[in-house]
Each structure stands twice: as C-alpha cells, then as structure tokens.
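The values are calculated or read from the model by the stated rules, or taken from the named source; none is laboratory data. It should be emphasised that the depicted structure is a prediction, and the values quoted were computed from it without experimental measurement. Reconstructed Cβ throughout: ideal geometry from the backbone, glycine too, with neighbour counts over all protein chains shown. All accessible areas refer to the heavy atoms of the entire protein, side chains included, with ligands and DNA or RNA removed. Shrake-Rupley method; radii C 1.70, N 1.55, O 1.52, S 1.80 Å.
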Amino acid sequence: MLLSSLSILMGAILVPSDYLWAYSTHIIIMCLYLIWTKRLIVFFLTLLSLLSVFFHEFNSPEPFPVFDGAIVWVDFDDRKLTFPEPLLTKLQGAIQGQSIAITYQTANGNWHSQDNFTLREFAPHTSNQHDSLLYKGRTARLVIPAKEGAWWQRQLYVKRQAAQITVEFADGEIERLDNSPYNVRDKLTNRLDSALQSYDSWRFSKALLLGQNDLWSEKNTWVIRTLGLAHLFVVSGLHTGFMFVIGRLISRVIWLLLPAKMLLSGLTRWHCDAAIVIPMLFGYAYITNWGEPVVRASIMLSVYLCARMLALKASPHGIIIFALWLILLVEPRSILSPGLWLSFSMVFLLIGYCQTTVKLSRLLMVQLMLSTASMVLILGWQEAISSVSILTNVVLIPFAAFVWFPWGIAACVEVVVVGTDLSYSILDVILRLIIGGVDWLAFELPLLPFEQYASSAPRLLMLFLIGFWVYQSPLKRGLLCVVGIWSTLFASAFIEENGANLTIFNSDGRLMVKDKSTVLMVDSWAAHDLNRLLFDGYVMPAQNRVYLLSPADMTAMTPEQLLSLNVSWVVLRKYASTQIMAMMTALKVDWVIVEDHESLSFFFENDRTVLRHSACIYSFFLLKSDTCKRVEKLESVLNYIQT
C-alpha cells in the first residue's frame with residue numbers, strides 16, 4: 001500500500017525532467033486502476049503523495065538577482081536579510097516567500113553556514129532600536145541550486161534554498177558576531193562551555209552530547225577517525241536511541257508513581273511513554289540544531305510509540321516504511337540525501353538481525369556486526385584505520401550508551417539548573433583514563449592501509465559477506481562470513497606499499513620536491529628566478545597548465561612574474577600575506593598549502609593521478625578543511641587534463 005505512494009514521491013525527484021510526461025502518464029493509469037479496483041485507502045495515500053509533489057515541485061522561482069559587493073544587513077535572531085532600497089526593490093518580486101542560505105567566516109577562520117533567511121522590507125539605518133541585532137556585510141559570492149549540479153548546488157536544491165550568499169563582515173562586526181549568542185540553543189551551549197571547558201574531557205563530551213567538535217584539535221580529530229569512532233561523536237539516530245531509552249526509564253518511574261485512579265481510567269504505559277518520550281526526542285532535536293538524522297529517528301520512534309499507544313497491530317518494518325513515507329511526504333527532495341538511506345537501511349539491518357529473542361549474547365553479536373559493517377563502509381573514505389577499530393567500537397559504544405551519555409546529560413542538567421559541576425567532575429576522572437587509553441591505541445598499534453588494494457574486488461567481497469551474514473542470522477554458519485571479512489581487512493597490513501611517484505613536503509619551513517629516491521627541487525634554489533621552481537613537467541608533461549613551487553621569499557611572486565609564466569597553481573608553505581592572497585585571487589591563480597611537517601604526494605596509476613595530502617588522510621567527511629577541498633580540486637584538474 002505504501003510502496004506505491006513511495007514510488008510517486010521518489011519518482012517525482014529521480015525522474016529526469018525530459019521524462020516527466022511518461023511519469024505523469026504512469027501515475028494517471030495507476031490512479032485509474034486504484035479507483036476501478038476500489039482500493040480507496042491506497043488511492044487516498046496516492047492522492048496525498050500527488051498533492052505533495054504538486055505543491056513542492058511544480059513551481060519555477062524567478063532568477064535570483066543579487067550582485068557581488070552589495071551591502072547587506074543580517075539579523076540572525078529573526079533570520080532576515082535587508083538590502084539597500086534600490087536592490088531591495090528589484091529583489092522583492094523574486095525572493096518573497098523563498099529561503100536564502102548564507103555562509104560567513106569568523107575570526108578564528110572557521111566557516112559557518114545558516115539556512116532559511118528571508119527578506120525584510122525595512123531599511124536598518126532608520127531604526128536605532130534594531131541596530132544592535134544587525135550585522136553589516138557585503139555579498140561576495142552567489143551559488144544557485146541545481147538538481148544535477150555540483151554537490152554544494154545539489155545540497156541547496158535538497159534544502160530548498162533559493163540561493164546561497166557568501167557574506168563578508170568587517171573585523172568589528174565579526175568580533176561582535178563571535179560574542180553574541182543568537183538563541184536559546186547558543187546561550188545554553190555557552191553556559192555549558194563556561195562551566196565545563198576547564199575539564200579536559202569536555203571537548204569529547206560536547207561532541208557526544210551536542211554534536212559540536214569545535215573544541216577538538218587536529219590530533220583529537222585524527223585519533224577519533226583512525227579508530228573509526230567518528231559516528232559516535234556526530235549526533236545521529238544512535239544518540240536519539242540513547243535519548244529514547246532515557247525517556248522510557250523516566251516514563252517507567254513516573255508510571256510507578258501515578259495514582260491508582262489514573263491507571264483505572266484507561267491510561268496505559270504506552271500513553272505515558274508517548275507523553276514523555278516524544279517531547280524529549282524533539283527537544284533533543286532542537287538542542288542539536290535539528291540535524292536531519294535526529295529528526296528522522298525522532299519521527300520514526302514517535303510513529304512507533306503512537307502505533308503502540310493506539311494498539312495498532314503493525315510490524316516494525318511497516319512502521320519504518322510509514323515513517324519514511326511521512327518524511328518524503330513533507331519533503332520529497334530528501335530522497336536525494338544519502339543520510340536518509342543510511343539511517344533507514346541501518347534500522348532495517350537491525351530489525352533483520354534481531355528477529356529472535358533478544359539476549360545479552362545476541363546484543364553483543366549485533367554490536368560486533370555493526371562495528372564490522374561500519375569498518376567496511378569506511379573503505380574509500382579513509383586511507384587507513386586502526387587494526388583495533390572493531391574492538392574499540394564494541395567496548396566504547398556500550399560505555400557511551402549506558403554510562404557516558406546518560407551521566408553527561410545529567411551533568412548538563414545539573415549545570416543549567418543548579419549551577420554546579422560536581423557530577424561531571426567525577427565523570428571527568430573516568431573519561432581521562434579512557435581518553436589516554438584511546439590515544440595509546442591510535443598511536444601505538446598498527447594501522448590497516450585500505451588504499452593498498454589495487455582493485456575494488458576485496459571491498460565488493462566484504463559487502464557481499466556482510467549481506468550474507470545478516471541473511472544467515474541467527475545460524476552459526478554466518479560466523480564464517482566474519483572470518484572472511486576480517487581476513488580481507490587485515491590482509492591489507494601485509495601488502496607492501498608502493499611509494500608515491502612524486503612528493504612535495506615541508507621540512508622546517510622549506511618546500512622540497514622529490515621522486516622515490518632523489519630531491520628534484522628546493523624552494524631556496526631559485527632566489528627570484530621562478531622558472532626554476534616550475535614542476536609541471538614532473539606532474540604532467542605536455543599540458544596547458546603551469547604549476548609553481550612558491551619561492552622561499554614569497555615577495556618574489558609578483559603579478560608580472562605570475563602573468564608572464566601563466567601560472568595556474570602555486571604550492572605554498574604557509575598562508576601568505578593578505579596582499580599576496582588577494583593578488584592570486586585576482587589573477588585567478590589557485591593554491592594549495594603544505595605546512596610544516598606536511599606532505600603532498602602524487603601517485604600515477606593507470607593514466608590517472610591520485611593526490612594524498614598528509615593533513616587530509618580522510619578523503620570524505622562532512623566538514624572538510626579548505627586545504628582538503630583544494631587538494632580535491634587540484635586532483636580533478638590533473639585528471640581532467642589527461643582525458
């Protein structure tokens with residue numbers, strides 16, 4: 001029944017525009033068939049899906065007429081943008097009712113993005129009362145959403161943003177922006193930071209409880225991802241499950257304390273669960289800034305509680321499919337979000353694995369299966385992972401579920417309500433021991449270099465074995481799949497690594513280029529002769545772009561020199577002065593930075609160039625640094641030139 005409605009919602013987004021006529025014909029025929037067979041419930045759900053698609057997808061907004069360099073006032077509290085009167089008049093017809101995303105950079109160099117801004121019909125300079133809430137900047141870049149564009153354009157399309165504007169604030173505005181919490185969520189976070197930031201473990205607890213890793217150092221990030229624990233510190237459905245369990249426990253206590261009159265009035269424990277747990281789930285979603293995985297998991301669990309409260313006889317699979325239909329009914333474009341499929345696929349996987357009675361050994365096997373599956377899925381996202389990643393997950397996830405998360409939530413409530421941090425001071429003692437052990441595991445035990453595999457066959461084999469393992473559960477022969485997966489995983493440790501064909505590394509502030517055995521170039525060799533620092537002949541002979549190693553004295557890179565050599569890319573040893581960076585931007589010269597003790601390696605494989613930056617061991621992560629994005633761009637440019 002729901003599958004036909006799901007197909008309508010999916011098809012409206014996935015079907016190319018040129019074939020919408022065929023899609024529409026199919027839907028009309030299906031609706032006529034449902035009416036003829038008198039399947040009115042299915043027809044009603046299908047009609048709802050059609051209406052959702054009609055109101056969400058078949059509107060064509062006007063072009064977004066914002067120009068670079070326009071003055072804009074930003075109100076973060078009300079999420080409003082105000083432009084000067086001449087431009088505001090031009091924008092009113094095209095922007096009314098649409099949402100706009102903005103990105104901006106703060107004083108510490110971090111980029112932030114916020115969605116769902118709208119226009120305000122009001123000139124800010126005429127209202128002194130509202131000036132304290134406004135931040136003045138200039139538009140620097142405009143990105144338009146596109147269903148089949150680059151990944152950032154597709155993200156705007158999925159989020160239904162009319163455009164994304166990069167806003168540059170003056171230094172004074174940035175300082176005021178950093179010191180101004182915008183809402184209750186930010187004020188709560190600031191209060192917890194001021195009370196608990198003195199504890200060394202708070203940076204990890206903040207990431208676990210709130211999904212904010214802004215206090216992490218590069219070392220912390222490397223350790224967590226190397227051990228395969230990143231999913232534990234990114235708020236997701238797992239954390240919503242933790243909150244669900246906490247809510248159920250609170251509900252059980254309240255249920256035991258309820259007077260007998262209420263129990264005799266027809267109130268059931270499921271009513272009590274729904275009244276307590278559902279507000280807690282969506283309250284946690286608000287605190288974590290309405291992350292999509294948290295919202296999806298909250299909807300799914302709320303639908304489950306409501307089904308039990310109403311005594312509906314529905315299977316767990318049916319409840320999940322209904323939750324998926326609700327999410328797509330509200331926002332059909334969620335179909336393009338990989339996280340949607342990852343969340344629901346993992347829940348289906350859990351249900352498929354837990355069809356029998358739940359025992360302690362069974363829960364342990366589920367944890368082992370999930371840790372193994374996540375380790376396999378990391379293939380291609382990271383260059384290497386710790387050999388004890390599975391064991392670390394098996395130990396730390398139950399610890400986080402039963403100790404760290406509930407204790408941390410209670411400690412945060414104590415800080416906000418009472419103003420003391422006694423409970424967290426006790427938790428900090430335990431966490432420091434665990435963090436020390438985690439650091440030792442990451443740095444002392446060997447890594448598994450997944451990129452050693454010459455083909456994708458081992459990865460496909462492991463994915464097949466995981467599927468077969470779940471299919472054979474709970475039969476013991478499924479354990480043979482575990483042996484096969486682990487054997488394939490650990491085999492990479494015995495494959496001899498082939499060195500990079502070319503490496504640029506920074507040794508004590510000096511850039512060097514070397515092949516497998518010989519130093520080819522040093523930045524100090526050239527003095528002011530930039531011709532001696534061109535290395536494009538080593539990277540890609542007979543090509544149209546020029547690649548330059550920045551000289552020891554960066555002032556030698558004058559506009560005349562760069563233009564005469566037609567330089568396309570520059571490798572810098574550090575961030576240059578503002579003037580030099582602005583000059584390269586104006587000349588449309590790209591750059592990538594290799595800081596002290598970092599390296600950029602070139603691997604020439606099967607007519608393809610693969611780049612590895614030592615600071616970007618993780619080639620896939622939601623919040624990539626600017627350097628990692630530039631390395632990806634350089635790699636795409638090199639491979640485009642070859643074709």
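Numbers below:
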read-out: Accessible-area ranking of Glu632, Glu414, largest first, probe 1.4 Å; value: Glu632, Glu414
read-out: Heavy atoms of Arg630: accessible area, 1.4 Å probe, square angstrom to 10; value: 50 Å²
read-out: Convex hull volume of region 242-282 per residue (C-alpha atoms, cubic angstrom); value: 50 Å³
read-out: Largest to smallest accessible area among Ile254, Ile35 [probe 1.4 Å]; value: Ile35, Ile254
read-out: FRET efficiency, 1/(1 + (r/R0)^6) with R0 25 Å, evaluated for Asp607 and Trp525 via beta carbons; value: 0.20
read-out: Gap separating the Cα centres of region 399-416 and region 204-250, nearest whole Å; value: 12 Å
read-out: Spacing of the two label points (7 Å from each Cα toward its C-beta) at Asn116 and Ile28, in nm; value: 3.7 nm
read-out: Extension reserve of the Gln105-Ser577 stretch, reckoned as 0.36 nm per residue once the Cα distance is removed; value: 168.2 nm
read-out: Ile250 accessible area, 1.4 Å probe, all protein chains in place, Å² to nearest 10; value: 70 Å²
read-out: Semi-axis lengths (Å, descending) of the ellipsoid that matches the C-alpha gyration tensor of region 521-608; value: 21, 15, 13
read-out: Members of Lys588/Lys629; Lys159/Lys187; Lys514/Lys633; Lys187/Lys219; Lys187/Lys629 lying beyond 24 Å, as alpha-carbon distances in this model show; value: Lys159/Lys187; Lys187/Lys219; Lys187/Lys629
read-out: Inter-label distance for Trp290 and Arg252, nm, one decimal - labels placed 7 Å from Cα along Cα-to-Cβ; value: 3.4 nm
read-out: Heavy-atom accessible area ranking, 1.4 Å probe, most first, across Lys629, Lys516; value: Lys516, Lys629
